[in-house]
Amino acid sequence: MTRPSRPTVSPLRAALSGTCPRCGEGRLWSGFLAVRPRCGVCGLDLARHDSGDGPAVFLIFILGFLVVPIVLWVEMTWRPALWIHAVLALALVLGGALALLRPAKAYVLALQYRHRSEDFEDEGGASGR
């Protein structure tokens, strides 16, 4: 199996900068979570990607792992009213999800490109191997 030689862009770098996973220069987003149909620089067909629910599921686990201990610590230290817990947990979860969902989705897309680039580029689907 021969892969075409291209400069490799780090999936993490592409995700954090919100750029194309192939060239690392073109913008990835057309909206908050909407991916552009094509890279404006290298022409990569980004419409063929499918990150599914993976990024959201990962964030649920990560944010749960981080927020639950904080809420428990607040309860054991100050014993605030229930509405304060609700506001604190909502702010932490919602803020974390909004801040991390876009990079998480971009990271999954970049990993898909790195490990299955033929799915992004072959028009016919089957290539001679």
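The values are calculated or read from the model by the stated rules, or taken from the named source; none is laboratory data. Just so it is clear, the structure is predicted and the values come from calculations on it, not from any experiment. Here the Cβ is made from the backbone with ideal geometry for all residues, glycine too, and neighbour counts use every protein chain on show.
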Any chance region 48-71 includes a residue that's of a type in the set (Gly, Ala, Ser), surrounded by 11 or more Cβ atoms within 10 Å (Cβ to Cβ) and over 18 Å from the mean Cα position of the chain (by Cα)? no
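Each row is one residue, and each column tells you yes or no for (1) assigned to a helix (DSSP H, G or I); (2) at pLDDT below 95; (3) surrounded by 10 or more Cβ atoms within 10 Å (Cβ to Cβ).
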site	(1), (2), (3)
80	no, no, yes
90	yes, no, yes
100	yes, no, yes
118	yes, yes, yes
126	no, yes, no
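Give the residue that is farthest from the chain's Cα centre (by Cα), with candidates limited to residues of region 14-34 that are crowded, with 16+ Cβ neighbours inside 10 Å and among the hydrophobic types (A, V, I, L, M, F, W, C). Spell out the reasoning first.
Restricting attention to region 14-34, the residues satisfying the condition of being crowded, with 16+ Cβ neighbours inside 10 Å are 14-15, 17, 19-24, 26, 28.
Next, only the ones that are among the hydrophobic types (A, V, I, L, M, F, W, C) stay: 14-15, 20, 23, 28.
On the way: 14: 10, 15: 7, 20: 13, 23: 17, 28: 11 Å.
Step by step, filter region 14-34, then rank; the result is 23.
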